[in-house]
1. Which of the residues that make up region 20-68 are closer than 16 Å to Q91 by Cβ and over 19 Å from the mean Cα position of the chain (by Cα)?
2. For region 75-86, how many residues are at pLDDT below 75 and either farther than 19 Å from V42 by Cα or not hydrophobic (A, V, I, L, M, F, W, C) (or both)?
3. Could you say whether any residue in region 18-39 is among the hydrophobic types (A, V, I, L, M, F, W, C) and either in contact with an Asp or Glu (Cβ under 7 Å, 6 or more places away or on another chain) or at pLDDT 85 or above (or both)?
4. Residues that are surrounded by 14 or more Cβ atoms within 10 Å (Cβ to Cβ), more than 16 Å from E4 (Cα to Cα) and over 17 Å from the mean Cα position of the chain (by Cα): does region 74-89 have at least one?
5. With the chain as the region, which helices (runs of 4 or more DSSP H) entirely inside it contain at least 3 residues that are touching a residue at least 40 places away in the same chain (Cβ under 8 Å) and on the phi < 0 side of the Ramachandran plot?
6. Of the conditions (1) touching a Leu at 6+ places or on another chain (Cβ under 9 Å); (2) at pLDDT 90 or above; (3) surrounded by 14 or more Cβ atoms within 10 Å (Cβ to Cβ), V65 satisfies every one except a single condition; which number is it?
Amino acid sequence: MAGEKAGIYAIAEVAEPVQALTELADKDYWLDPSKAGSKLHVKIRCLRRLLGQPLRRSELLYDRVLSNLPVIRAPGINYKITLEEWQRVHQLKG
């Protein structure tokens with residue numbers, strides 16, 4: 001989510017090694033489905049949904065460990081984080 005409600009809404013981990021997938025479950029939702037298989041992908045496993053109590057961007061900005069997360073600087077979907085950041089997220093929402 002963007003705007004005032006931006007933040008962390010789920011915790012996930014990499015489930016399988018990076019690979020070129022030929023069959024994508026979400027291929028029908030791509031604007032250009034022909035490009036869906038042209039990139040490397042990684043499957044993730046959702047560990048916890050935080051829909052009811054997300055870690056909002058406004059909270060992250062004031063956290064010593066989480067204030068530089070990519071989700072604050074460049075909102076998007078999935079981001080690699082450091083071990084320290086991972087541990088802090090789990091401390092708050094684990």
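The values are calculated or read from the model by the stated rules, or taken from the named source; none is laboratory data. Bear in mind the structure is a predicted one, so any value in this text is a computation, not a measurement. Counting neighbours? That spans all protein chains shown, and the Cβs are built from the backbone with ideal geometry, glycine included.
1. Scanning region 20-68 gives Y62, R64.
2. Count: 3.
3. yes
4. So far as region 74-89 goes, no, none of its residues is surrounded by 14 or more Cβ atoms within 10 Å (Cβ to Cβ), more than 16 Å from E4 (Cα to Cα) and over 17 Å from the mean Cα position of the chain (by Cα).
5. On the way: elements: 57-60, 70-73, 83-93.
Of the helices (runs of 4 or more DSSP H) lying wholly inside the chain, those with at least 3 residues that are touching a residue at least 40 places away in the same chain (Cβ under 8 Å) and on the phi < 0 side of the Ramachandran plot span 57-60, 83-93.
6. (1)
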